[in-house]
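Please treat every number below as a calculation from the coordinates, not as lab data. Note that the coordinates shown come from a computational prediction; the quantities given were computed from them, not determined experimentally. When we count neighbours, we look across all protein chains shown, and the Cβ atoms used for this are built from the backbone with ideal geometry, even at glycine.
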Amino acid sequence: MPEIVTRSASAAPVPPAAEPSQGQGPVFVPRHPVHAAAYMLASTLLALTQGFGMNLVTANIPQIQGAIGATNIETTWLMAAYMAPNVSLAIALIKLRTQFGLRNFAELSILVFCIVSIFNLFVTDLQSAIVVRFFSGVAAAPMSSLAFLYMLEPFPPQKKLTIGLSLALTNIALGPSIARMISPILLDAGGFHALTLFELGLAMLAFCAVYLLPLTPQLRANVIEKLDVISYFLIATGFGCVAVVLVMGRLHWWFEAPWIGYALLCAAVTITVAIIIELNRKNPLIDIRWIFSPAVLHLTGALLLFRLILAEQTTGAGGFLQVIGLQNDQTFLLYFLIFLSTIAGGLVCARLMGAGREPYFHIVALSLLAIGAFIDSSATNLTRPQNMYLSQIMIGFAAAIFLPPAMATGLMSALKKGPNYILSFIIVFLTTQSLGGLLGSAVFGTFITLREKFHSNALVEKIALTDPLVVQRVKALAAPYAPHLTDQAVLNAEGIAMLSQQATREANVLAYNDAFFVMGCMASAALFVLLCHVAFDAVKKQTRKQDGENTAGVTAS
């Protein structure tokens, strides 16, 4: 089963300048390099704590299902329970932070996370695990925002949206790789509870960091209105229903389980009502008209397409290796290289990112994504992690350099409209990164399932027991069981079952190749459109320059 991984599902990072009604805020005071490094390390610790907790279940479903006595599909409900509240809570965090103060927000958030992490130690069955994972999703929502704020803290204002933004998003993107690298060691040491104990240890270290390193206080204001609560409840309900459907829909199949339709209906109704309320408010929680403006829709489409293409790594590579029988301990080096390439991409972005360079970062990122996906599309059942090192390094690097420029562009656009538009941009970013990530996994997994059925039918219809080659293959596969099975009919049935397993594996390999190829085509198409857009802007800029020169010449004459 392809795994669902969301790099920043709860990450709707909110820069300090995003506080509504806070004017210019406090004056920046440079920190000692050691002090600044401490804040950066605290940010890294917070991001790793949140990232490991988010991917704890995703990376270890086969191992966890045995510990809690559940099936594969039942264990996946733990992911749905985590994501249901997590995808929308960042919407409320910015106003909560402004209303009650940044210091109170940080201390209370990390305290709640530690308490919920303790509850993980008492999980013994599926029911208790679902309840605890739900509250873990609630408690983890502020963690990515805190990681973001701590990374921005030591940087001067002019570097917050370049170096600070790049390093913060890089930290948040490391969670999936780290979870897969560390999990085998922890599972060998103490099973499922070793994972939760490690998460608790990270939470306690983060707790100490938050209390020892206070953030610069921000101006407080009474920004929460009664209709904000109603709107948020409706949005949270709608987003939560969509998240559950995207995680579980493919496993229960989209048109088979009635509850999927009811959940989507609930999401449509609640989100529609929230939009109607927001459109008729003087001070809306989110500016719907701005979100549906052409520029924001363009940014939303770009971010959403990126999340869909990135499913090639987050869902595709991991799912493919799992299908051919590899576990996390056999893919350690692959994810370590992805970890390093992500860091390298973040550092390059921090060094080179600047105003006007965003399209060039995106051109490089889409090129690497397309090349990496096309390389993976030639995989076979003999493909091993070392055969995917180059492609996955390219994709990891591309993921790290794509998001910071896109987010910086969105934040600058929102800031030009005013501080109140920051929260509207957070909605856009949250939807594309959290729900977009889940959508990418759902679409990728559904496509693989459909193509696997197609290839299975194509392979099986060519297998006939009247074919001498097929008979010979069945006998060869049944030979290892011959010393233990004396009944020839049972022995032949065992050989046929083994042949069927091989056909299914080959069908899965072909299905993943199809998916990788489609992802490569999507990245190539996006790259072509971007190049056309850059060329059009360059021609338009040159035309305006010439018109200006001609006008100046006529005026001088």
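Here segment 85-164 is treated with +1 on each Lys and Arg Cβ and -1 on each Asp and Glu Cβ, and its dipole about the Cα centre works out to around 300 debye. The 3J(HN,Hα) values that the Karplus relation (6.51, -1.76, 1.60; θ = phi - 60°) gives for segment 86-93 are, in residue order, 5, 5, 10, 5, 4, 4, 7, 5 Hz. Gly and Pro appear as x. Here residue 536 and residue 262 are evaluated by their C-beta separation; at R0 = 56 Å the FRET efficiency comes out at 0.80. In order along segment 367-374, the Karplus-derived 3J(HN,Hα) couplings, from 6.51 cos²θ - 1.76 cosθ + 1.60 at θ = phi - 60°, round to 4, 5, 4, 5, 4, x, 5, 5 Hz, and Gly and Pro are given as x.
Which residues in segment 517-538 place their backbone N less than 14 Å from a point set 7 Å from the Cα of residue 458 along the Cα-to-Cβ direction? Those under the cut-off are 517-518. Count charges around residue 275 for me, please; just the other residues with Cβ under 15 Å from its Cβ, Lys/Arg as +1, Asp/Glu as -1. That sum, taken over residues with Cβ under 15 Å, equals -1. Note on 494, 256, 312: ascending count of other Cβ atoms within 10 Å places them as 256, 494, 312, the fewest first. A simple spin-label model places pseudo-atoms 7 Å from Cα toward Cβ; at residue 269 and residue 489 they are separated by 5.6 nm.
A simple spin-label model places the labels of residue 467 and residue 545 6.4 nm from each other, with each point 7 Å out along Cα-to-Cβ.
In segment 226-282, the C-alpha radius of gyration followed by the widest Cα-Cα span (Dmax) gives 13.1, 43 angstrom.
Ranked by how many other Cβ atoms sit within 10 Å of their own Cβ, fewest first, the residues 477, 265 fall in the order 265, 477.
Helix 192-212 axis versus longest C-alpha principal axis of the chain: approximately 10°, rounded to the nearest ten.
Any chance you could run the full-extension gain for residue 501 through residue 158? It's 0.36 nm times the residue separation minus the Cα-Cα distance, nm to one decimal. Mind dumping the intermediate values first?
Details: separation 343, 0.36 × 343 = 123.48 nm, distance 5.84 nm.
Extending this stretch completely gives an extra 117.6 nm.
With the charge dipole of the chain set up from +1 on Lys and Arg Cβ and -1 on Asp and Glu Cβ about the Cα centre, the Cα lying farthest toward the positive end among the listed residues 441, 193, 128 is that of 441.
Between residue 450 and residue 330, how high is the FRET efficiency from 1/(1 + (r/R0)^6) when r is the Cβ-Cβ distance and R₀ = 35 Å? Nearest 0.05. Display every interim value, and only then the final one.
Numbers: r = 28 Å, r/R0 = 0.81.
Efficiency at R0 = 35 Å is approximately 0.80.
Per the Kirkwood treatment, what hydrodynamic radius in Å, one decimal, follows for the chain from the mean inverse distance over all distinct Cα pairs?
Working: mean 1/r = 0.0399 Å⁻¹.
Final number for the Kirkwood radius of the chain is 25.1 Å.
If you take every residue apart from residue 120 with its C-beta less than 9 Å away from the C-beta of residue 120, what net charge results, scoring Lys and Arg +1 and Asp and Glu -1?
Numbers: positive: 133; negative: 199.
After counting each charged neighbour, the total is 0.
Spin-label pair residue 108-residue 31: with each label point 7 Å from Cα along the Cα-Cβ axis, the two points sit 2.4 nm from one another. For segment 246-258, the Karplus equation 6.51 cos²θ - 1.76 cosθ + 1.60, evaluated at θ = phi - 60°, returns couplings of 5, 6, 9, x, 5, 6, 8, 6, 4, 9, 9, 9, x Hz by residue, with Gly and Pro reported as x. First select every other residue whose beta carbon is under 11 angstrom from the beta carbon of residue 331; then total the charges, Lys and Arg +1, Asp and Glu -1. Combined, the nearby Lys, Arg, Asp and Glu give +1.
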